[in-house]
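Structure, as structure tokens:
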Amino acid sequence: MSWRSLPAHLRHGLAVLGVLTTVCVVGPWVAGDPTTIVEPAQASLLPPGSTRWVVEHRDGSRTAAQEVQRQEGGWLLTGRGEPRLIAAGEVVALRRTTFWLGTDTLGRDVLARLLWGGRVSLAVGLTALAVAMLLGTSVGLLAGWRGGLVDGVLMRLADALLAFPSLFLLLLVAAIFRPSLTALVLMLGGLSWMGVARLVRGQVLSLKEREFILAARGIGASPLRIALVHLLPNTLTPLSQDAALRLGDLILAEASLSFLGFGVALPLPSWGGMVAEAGEVLGTAWWLILLPGLAVATVVIGAALLADGLAELARLDPA
Amino acid sequence: MGRWLLRRLAAAALIVWLVATATFFAAALAPGDITLRLADTRVSPSIREQWRRTFDLDQPLLTRYLRWMAGAARGDLSTSWTTYRPVATMIAEALPNTVLLAGAGLLLELLGGVAIALHQARRPFGTGDRILTFATLLAFAMPTFWVALLLVEVFAFRLPLFPPSHMRSPAGEMAVGWQRMADLAYHSVLPVLAIGITGVGAIARYLRGSLLDERAQGYVLAARGRGCSPRRALRVHALPNALLPLITILGLSLPFLVSGSLVIEVVFSWPGMGQLVYSAALARDLPTLLGGTVVVAVAVVAGNLLADLAYALADPRIRLGDAA
């Protein structure tokens, strides 16, 4: 099947997610360190496209200046406030830097933070998705295949967890266990397996009595083999649509948690955390608030388009 | 029906008890000291010991659990570790504020969703439909907290039309009658809008699909054949059936009415349940967290029950008691 013949939504979704992922994976190498603080007094809240001289000191700190002049005994820095003279021996490096997307309250480069934040957000979202898929598929296969009490208990548990507002549940668990980055991924995945389990269980129930499964049982295939070789491949179509939508949900959930201060911990940048920091200086720096939220929305739109496209694909080509 | 209701109520009570118990033990057995205050090593050990006694933490776990359960059964949800006030009182104060905000938001997203979906279903796949499809997708994809902050940035700071936060102004706090209500309404414009904008996407997207499905059904075609106008066929014949599954969605959003749109309340400093739970989570105020969880759990089971009842009322094909 060629690229052109794929449903439009699928192509758009793949393109959006593909471009964004590539940018967030490759970008950080180019963009530099997102945690580098350039003297807030000189370089905080610079609008996009601002250019400054960044002076690296011997002790590792960085100051910034609008103009730099060589003078006897050192460098004269002029910028906000009084000009300062810095001894030549103090200066390790002197660079002219353009902050393409401006700087934040601490004088950190927004572009670098956005790219690194994207890497973090996407990595957390994708690994949490893997956890949810693994857990949900196992539970669904088990519940659907075994039936009876196992099925009853697992599915009631899934229903109960599904009924709770997910952000409330995440906040509760995060407050009690104060998760690290790994624990955050496990928590996000561990609280979103329910939909996957219900889906897989439904598929298993409808396939269980079909001839090819009965035949496999008849020739003595083990339950594990039947589950992995015969049942699982038949759930892939609905599962892939669900995964696409779920990725969007997980990215949104991570962003909300990070926004509330219970997700990705500082100083590591995340899109949700960047919006939270922007919220502190509302009304002064539009570039701080606009971009990270837009990034989250773009991923979620890409994921939704992908899910639509996969559904369309399944309709066109029901094999 | 009576037996069905009784069984469901018993199951509901069981679920609430299970949730409370699970939360209690998860919190008690979590690694580290549960309260930030007890972990603070700058405070002298004797004072920390005194706190431990005040919070009952010197008692064995089982005693604490039984005491808490006995209290909860009488409606006493113990005392907050941060404000030293009864948790039940704090919840009773916060709950109406949240129901007000979330209720208004829910109403807005429902009305908006129905209006948008009806408009789209009239000429599906036309230019208007395409634009609205993209707009609802965008609304669905935007993070709630971001929309809320953007609204504040634009309509409270750049154009100072509405207050950026809080439920009442100091003057509104003192006012009575109409003025008090007007002040509240003025403060709720931005938060309600934020809930409405982010919620309308999901409802409109869902409803558009089911309206298009219903439109192709025989009974709608029959209505059109009898000379019913397309508009009327859509609104009077197709819409009620397309709305039916929304009953379940509404029943399931009762917990949302209670837990509030958590981030919205945090952004707007709205003194509701979301804000209460959030600050309890920040301070690791366990009794308040537990109390909030119990109230949300009650809302969850009540919402499910009400949704089933409402569905049976609205759709005569469904009879309660057969399935469960």
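The table that follows gives values for the structure above.
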read-out: Cα pair distances in the protein assembly as shown, grouped into 20 Å bins until the bin that holds the longest one, percent each; value: 15, 46, 31, 7, 1
read-out: Among A:Ala276, B:Val263, B:Thr248 - extreme Cα towards positive end, dipole of the protein assembly as shown, charges at beta-carbon; value: B:Thr248
read-out: For chain B, built as a Gaussian network whose Cα springs stay under 10 Å, the top-fluctuating residue of B:Ser188, B:Ser253, B:Ser279; value: B:Ser279
read-out: Gain in span if fully extended, A:Arg11 to A:Arg70, counting 0.36 nm per residue against the direct Cα distance; value: 15.7 nm
read-out: Contact order normalised by residue count of the range A:229-295, Cα under 8 Å, 6+ apart, percent; value: 20
read-out: D_trans [Stokes-Einstein, Kirkwood Rh over alpha-carbon pairs] for chain B, 25 °C, 0.890 mPa s, µm² s⁻¹; value: 107
read-out: Theoretical ellipticity at 222 nm over the protein assembly as shown - DSSP helices of four or more residues, -39500 (n - 2.57) apiece, nearest 500; value: -22000 deg cm²/dmol
read-out: Dipole of the range A:107-249 [Lys/Arg +1, Asp/Glu -1 at C-beta], most positive-end residue of A:Ser138, A:Ser166, A:Leu149; value: A:Ser138
read-out: Taking N as its residue count, the alpha carbon Rg of the range A:149-226 over 2.2 N^0.38 Å; value: 1.51
read-out: Net charge of neighbours whose Cβ lies under 12 Å from the Cβ of A:Leu184, counting Lys and Arg as +1 and Asp and Glu as -1; value: 0
read-out: Total accessible area lost when A and B pair, probe 1.4 Å, Å² to nearest 100; value: 3400
read-out: Gaussian network model of chain A, Cα within-10 Å springs - most flexible of A:Gly273, A:Gly302, A:Gly60; value: A:Gly60
read-out: Net charge of neighbours whose Cβ lies under 14 Å from the Cβ of B:Leu14, counting Lys and Arg as +1 and Asp and Glu as -1; value: +2
read-out: B:Arg122-A:Thr78 FRET efficiency (beta carbon distance; Förster radius 51 Å; 0.05 resolution); value: 0.20
read-out: Efficiency of FRET from Cβ geometry, B:Thr89 and B:Val43, R₀ 35 Å, rounded to 0.05; value: 0.80
read-out: Approximate spin-label separation A:Thr36-A:Asn234, in nm, with each point projected 7 Å along Cα-to-Cβ; value: 5.7
read-out: Convex hull (Cα only) mean projected area of the range A:75-195, reported in nm² to one decimal; value: 12.1
read-out: Cα-projected label distance for A:Leu205 with B:Ala135, points at 7 Å along beta-carbon direction, nm; value: 4.0
read-out: Inter-part distance where the range A:197-213 and the range B:99-163 are each reduced to a Cα centre, Å; value: 39
read-out: B:Met142 - accessible surface, heavy atoms, 1.4 Å probe, Å² rounded to 10; value: 40
read-out: Förster-model FRET efficiency, 60 Å R0, B:Leu184 and A:Arg96, C-beta, rounded to 0.05; value: 0.65
read-out: Rg over Rh [alpha-carbon atoms, Kirkwood Rh] for the range B:130-226; value: 1.22
read-out: Heavy-atom accessible area, 1.4 Å probe, ligands and nucleic acids excluded: residues of the range A:153-175 down by at least 40 Å² from chain alone; value: A:Ala163, A:Phe164, A:Pro165, A:Phe168, A:Leu171, A:Leu172, A:Ala175
read-out: Inter-centroid distance (Cα atoms) of the range B:60-83 relative to the range B:251-324, Å; value: 21
read-out: Cβ charges +1 (Lys, Arg) and -1 (Asp, Glu), total dipole of the range B:172-324, debye; value: 860
read-out: Relative contact order of chain B, defined on C-alpha pairs under 8 angstrom at six or more residues apart (%); value: 28
read-out: Qualifying trypsin sites (Lys or Arg not before Pro) for the range A:15-75 [loop in DSSP, other Cβ within 10 Å: at most 15]; value: A:Arg58
read-out: Within the range B:173-212, backbone nitrogen closer than 12 Å to the virtual label 7 Å beyond the Cα of B:Cys228 toward Cβ; value: none
read-out: Computed over chain A: relative contact order in percent, which uses C-alpha pairs under 8 Å that are six or more apart; value: 23
read-out: Only Lys, Arg (+1) and Asp, Glu (-1) charged, at Cβ; the range B:34-174 dipole about Cα centre in debye; value: 140
read-out: Centre separation in Å (Cα based) which lies between the range B:203-247 and the range A:1-31; value: 37
read-out: Positive-end residue of B:Ser80, B:Ser46, B:Val16, charge dipole of chain B with Cβ unit charges; value: B:Val16
read-out: Cβ charges +1 (Lys, Arg) and -1 (Asp, Glu), total dipole of chain A, debye; value: 700
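The values are calculated or read from the model by the stated rules, or taken from the named source; none is laboratory data. Note that this is a predicted model, so its numbers are computed, not measured. Reconstructed Cβ throughout: ideal geometry from the backbone, glycine too, with neighbour counts over all protein chains shown. Accessible surface areas use protein heavy atoms only, side chains included; no ligands, DNA or RNA. Shrake-Rupley method; radii C 1.70, N 1.55, O 1.52, S 1.80 Å.
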